[in-house]
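The values are calculated or read from the model by the stated rules, or taken from the named source; none is laboratory data. What you see is a predicted model, and the numbers here were worked out from it, not measured in a lab. Using ideal geometry, Cβ is built from the backbone for each residue, glycine included, and neighbour counts are taken over all protein chains shown. Protein only, heavy atoms only, side chains kept; ligands, DNA and RNA dropped before computing areas. Shrake-Rupley method; radii C 1.70, N 1.55, O 1.52, S 1.80 Å.
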Amino acid sequence: MEDNRKQERKVKVKTLMKVYHFFWKYRRIDSIIAPLYYILENFSPAVSTLILAGFFQEVYWVLGEEMRSYSRLVTYGAGFIVYLIVKQFLQLIASISTNAGIFEKTLYILNEMLSEKASKLPLITYENAEIMNKKEKAEECVHNDRIPSIFMLSVVLATSVLGTGTLIITLGSYHGFLAVIAIVSVAQFYAATYFQEKKKYQISQELTKEKRQRDYLWSLFTDEKSIKEMRIMGFADYLADQWKKARDKINRKFWKEESFAHRNMMYCEFIRIAGYILGISFCFLLLLADRIEAGVFGAVLTAFVNVQAVIKNHVTSIGRIPVFLEYAKDYFDFIELPEEQEGTVNIGEKIQKISLEKVFFRYPNAEDFTLHDIDLEIHEGETIAVVGENGSGKTTLTKVLLGIYGAIGGTVAINDIPINSIDKKDLYKKIAYLSQDYMIYKMSLTENVVLADLPENAAEDIKRIVSKMGLDDIAGSCGDISQIYFGKEFGGIELSGGQAQRLAVARAIYKAGNLVILDEPTSAIDPIQEAEILSQIMNMVKGRTAILISHRMSICTKVDKIIVMKEGAILEIGTHEELIKKNGEYMRLFKAQSCWYES
Ligand code: ADP
């Protein structure tokens, strides 16, 4: 228990150091100006008192002595005006530096670091709910300004120690007991703030997943596709209900805590007021006992109220900082997650061989292996079909062989170079990959195919590929295909599901990769066009290594090699004739589909 606390304290100090380091690194000038201002502000009452005392002394002398020169009076007067101007000026600079520099700009930087980190995480991370929760917590820390708040609270605390000490000593000089009452009567604010913030943090932690679910449900009401579906299927009311339930469940927990916190604060205020009454009574006693003069009675009471206010402010800050540090830790935990290991080895001009040896793979948080004991070799120029029932591991296999997901056991190599040491940016330039979750961008047709500016003389090439993909209906009549835009919001064309898929295939075919991987390239295309599109695809990938994943067995008669997968393992490998002869799983799948056509 004691050890745990020590450890927790250590972690908090470390996080605090990270916060300071962050400000020193990214907002150096602001992080100097803010503390400097607060230090100067502490001297402000003393400086103004000194100048004003001198001024009034001079006034007194000038009025009393006829021959006295006005020059010192003018100097003090001018000094006071300069003091006021400098104070205003410093206040302005400090306020800009705090609001714009420490809070606003920090928000941009923290957000930028967050999205940069998200873009550099290994892609498998996005399959990991735990890490997505971490991201949510880091975002919460940023959006609630926790990191700049820690900095400012600690700066104000540290820089006001001197002023607060002086205030307490002044009150104590009238009577020590007064100082004790003033401090003790507000000490409870520390515990109240600490536990209140801690509880809020705990609830927020517990509800991270629920909050993501709530936000997901909300996003369905802003997504065009889901809006259409929910309307047509009469699903909108149900979804709205689910969203309200999710929202209310979260809000109820927070409101309950909020009302508890308000009640606690009220009790704290009662104690403070009781302390104040005790303070006044004690002052009266001192007055009656001639321990203080009637003239300073008011000053003592003011000092008492000031001490209460300042200490209350301090203890609430002290109560907040430890919990805010927990939010900051969540942020730094996410920022410090290991990034995708970038290899440096260039595989050469072409992908000549892909080899997988005893490869195992499991998704984060999944109990079973999705791929097990995979041995496979693919050579340049081969066309391969990967078939198998839904969920047999076909998509996962391609992602592992491309190094998108790292294998847990075994080795994946390209041109005999282990995938982890390969420079992925260079590797992916040589690969055209069509995943099942392809995107159609609301941009021009050419941008959708090239994913960049249209290169010189490429228009004809694109037109040819687009035409072979049966998209003449959208491109054929238009002389300048760079003028065809998608997205009705921008006055463009809307594509049907099949057209969108054919466009995505065109993109993969256009890319000058010597390895083409197409994951279910014809799943949205109608059966009449499917055979034609498949044969066009086979023509266009000629000479390149091609891996085609499909649940349509008809593709298998056109490829060099078929890989049959079942429950994450490769069950059979061979040509169509070999596997038919074998009369195993392939035969079963083939028969199951061919009977549709026979009947
Ligand atoms: P196929 O492409 O053959 O349909 P997949 O490779 O997509 O199969 O999926 C193989 C198995 O892995 C399935 O059982 C699927 O449920 C599981 N799976 C896919 N993605 C994830 C994920 N992100 N987390 C856990 N399991 C997953």
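Figure legend. Inter-residue proximity from the range 52-75: first residues part of a loop (DSSP other than H, G, I, E, B), second residues aliphatic (A, V, I, L, M), beta-carbon distance below 9 Å, spacing 6+ or different chains. Indicated pairs: R68/V62; S69/V62; Y70/V62. Out of K358, K350, K312, K399, one residue alone is under 35 Å from the mean Cα position of the chain (by Cα) and either surrounded by fewer than 18 Cβ atoms within 10 Å (Cβ to Cβ) or within 16 Å of the ligand (Cβ to nearest atom) (or both). It is K399.
Just one residue in the set N457, N420 is surrounded by fewer than 18 Cβ atoms within 10 Å (Cβ to Cβ), free of Cβ contacts under 8 Å to residues at least 12 places away in the same chain and away from the ligand (no atom under 16 Å from the Cβ); that residue is N457. When the range 362-386 is filtered for residues that are open to solvent by less than 60 Å² (accessible area, probe 1.4 Å), farther than 17 Å from T545 by Cα and near the ligand (Cβ under 9 Å from one of its atoms), the ones remaining, listed by number, are Y363, P364, A366, T370, L371. Every condition in (1) at pLDDT 90 or above; (2) over 28 Å from the mean Cα position of the chain (by Cα) holds for W218 except the one numbered (2). In this structure, is I404 at pLDDT below 95, within 15 Å of the ligand (Cβ to nearest atom), open to solvent by less than 40 Å² (accessible area, probe 1.4 Å) and among the hydrophobic types (A, V, I, L, M, F, W, C)? Yes; evaluated as a whole, the condition is true for this residue. Residues in the range 521-549 that are within 16 Å of the ligand (Cβ to nearest atom) and modelled with pLDDT of 90 or more were compared, and the one that is nearest to V387 (Cα to Cα) is I549. The residues on offer are G574, G498, and the sole one that is at pLDDT 85 or above, open to solvent by less than 20 Å² (accessible area, probe 1.4 Å), in contact with a Gly (Cβ under 9 Å, 6 or more places away or on another chain) and away from the ligand (no atom under 16 Å from the Cβ) is G498. Going by the conditions given, is K18 in contact with a Leu (Cβ under 7 Å, 6 or more places away or on another chain), farther than 26 Å from L167 by Cα, basic (K, R) and touching a residue at least 40 places away in the same chain (Cβ under 8 Å)? No, not satisfied.
Quick check: anything in the range 119-128 surrounded by 15 or more Cβ atoms within 10 Å (Cβ to Cβ) and either free of Cβ contacts under 8 Å to residues at least 60 places away in the same chain or in contact with a strand residue (DSSP E or B) (Cβ under 6 Å, 6 or more places away or on another chain) (or both)? No, that holds for no residue.
Residue-wise test of (1) of a type in the set (K, R); (2) in a helix (DSSP H, G or I); (3) under 24 Å from S355 (Cβ atoms); (4) in contact (Cβ under 8 Å) with a residue 60 or more places away in the chain.
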position: L548; (1), (2), (3), (4): no, no, yes, yes
position: T557; (1), (2), (3), (4): no, yes, no, no
position: E572; (1), (2), (3), (4): no, no, yes, no
position: I580; (1), (2), (3), (4): no, yes, no, no
position: F590; (1), (2), (3), (4): no, yes, no, no
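Each residue in the range 17-58 was checked for being open to solvent by 40 Å² or more (accessible area, probe 1.4 Å), at pLDDT 85 or above, under 17 Å from L157 (Cα atoms) and not β-branched (V, I, T), and 5 of them qualify.
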